[in-house]
Each structure stands twice: as structure tokens, then as C-alpha cells.
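K.L.:
Would you mind keeping the following structure in view while I ask a few things?
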Amino acid sequence: MTARSAGTPVAFEQACACSAILCAPADAGRRFADWIRCDVNGLEQDAQLNVIASFRLLIRRLASINPVSRSIAAAISRQFAAWLEQADHPAAQAHVADLLSVAD
């Protein structure tokens with residue numbers, strides 16, 4: 001799956017921004033510093049945020065294909081939202097807050 005804008009591939013962060021989906025900031029310097037210092041908390045948090053964002057982008061893409069895939073995406077989305085609400089890690093809670101802000 002490749003995100004495109006006007007026929008040109010876009011970066012993951014751009015795809016998330018265009019879809020109003022939360023993702024980790026693309027700060028390669030900070031990630032490298034976290035890696036050098038073995039600060040796995042920051043790296044893990046970014047990875048979790050981006051995995052959830054990737055799944056949200058995938059659901060959105062699935063919904064755009066045809067009416068059948070739209071109904072499948074709706075069912076997956078409901079289950080995914082329920083899982084996010086019950087998850088106890090910060091990345092899931094950040095996405096729940098992001099979903100709720102979009103709903104308001």
C-alpha cells in the first residue's frame with residue numbers, strides 16, 4: 001500500500017496528516033539519540049503510535065475500495081476502536097483521544 005497525492009508517493013507522516021491520523025513525529029535525530037542511549041521507551045512509544053496509525057490508514061484505504069470492503073472496514077473499525085479503548089498502553093490511549101477528537 002502506497003499513499004499518493006496527485007500521483008506522487010507521500011511519506012508516512014504526510015499520509016497520516018492528510019487523513020488526520022495521529023502518528024509519531026518524524027524526528028530522526030531524536031530517534032537516533034534514543035537508540036544510542038538505549039532509551040527503548042521513546043522508540044517503543046513511537047513504534048506503537050505508528051503501528052496503530054498504519055492500521056487506521058489501512059482501514060481507511062479498505063473502506064475506499066468498494067461497498068463490500070466498506071462494510072468490512074466498518075466492522076473491523078468497530079472492533080479496533082473497542083480494543084483501543086480497553087488497551088492500557090499510552091499509544092492506544094493517544095489514538096482513542098485522537099478518534100474522540102475527530103468525532104466531536
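K.L.:
Those residues that are over 17 Å from residue 89 (Cβ atoms) and buried (at least 17 other Cβ atoms within 10 Å of the Cβ), I need them from the stretch 31-58; list them, please.
P.N.:
31, 34, 57
K.L.:
Take the residues in the stretch 65-104 that are farther than 16 Å from residue 20 by Cα and outside any helix (DSSP H, G or I); name whichever of them is farthest from the chain's Cα centre (by Cα).
P.N.:
Step by step, filter the stretch 65-104, then rank; the result is 66.
K.L.:
Would you mind stating whether residue 76 is open to solvent by less than 70 Å² (accessible area, probe 1.4 Å) and modelled with pLDDT of 90 or more? Show your work before the answer.
P.N.:
On the way: open to solvent by less than 70 Å² (accessible area, probe 1.4 Å): yes; modelled with pLDDT of 90 or more: no.
The answer is no for residue 76.
K.L.:
I've got another one for you. Looking at the structure I just gave you, is residue 93 polar (S, T, N, Q), within 22 Å of residue 31 (Cα to Cα) and either modelled with pLDDT of 90 or more or surrounded by 14 or more Cβ atoms within 10 Å (Cβ to Cβ) (or both)? It would help to see each step written out before you state the result.
P.N.:
Details: polar (S, T, N, Q): yes; within 22 Å of residue 31 (Cα to Cα): yes; either modelled with pLDDT of 90 or more or surrounded by 14 or more Cβ atoms within 10 Å (Cβ to Cβ) (or both): no.
It is false that residue 93 is polar (S, T, N, Q), within 22 Å of residue 31 (Cα to Cα) and either modelled with pLDDT of 90 or more or surrounded by 14 or more Cβ atoms within 10 Å (Cβ to Cβ) (or both).
K.L.:
Can you name the condition, by its number, that residue 61 falls short on among (1) open to solvent by 50 Å² or more (accessible area, probe 1.4 Å); (2) in contact with a Cys (Cβ under 8 Å, 6 or more places away or on another chain)?
P.N.:
Residue 61 satisfies every listed condition except (2).
K.L.:
Moving on. Kindly indicate whether any position in the stretch 57-67 is touching a helix residue (DSSP H, G or I) at 6+ places or on another chain (Cβ under 8 Å) and modelled with pLDDT of 90 or more.
P.N.:
Looking through the stretch 57-67, at least one residue is touching a helix residue (DSSP H, G or I) at 6+ places or on another chain (Cβ under 8 Å) and modelled with pLDDT of 90 or more.
K.L.:
Among the numbered criteria (1) part of a helix (DSSP H, G or I); (2) at pLDDT below 90; (3) hydroxyl-bearing (Ser, Thr, Tyr), which one does residue 54 miss?
P.N.:
Of (1) part of a helix (DSSP H, G or I); (2) at pLDDT below 90; (3) hydroxyl-bearing (Ser, Thr, Tyr), only one is false for residue 54: (2).
The values are calculated or read from the model by the stated rules, or taken from the named source; none is laboratory data. Remember, it's a predicted structure, so these values are computed and weren't measured experimentally. Using ideal geometry, Cβ is built from the backbone for each residue, glycine included, and neighbour counts are taken over all protein chains shown. Ligands, DNA and RNA are excluded from the accessible area calculation, which covers all protein heavy atoms including side chains. Shrake-Rupley method; radii C 1.70, N 1.55, O 1.52, S 1.80 Å.
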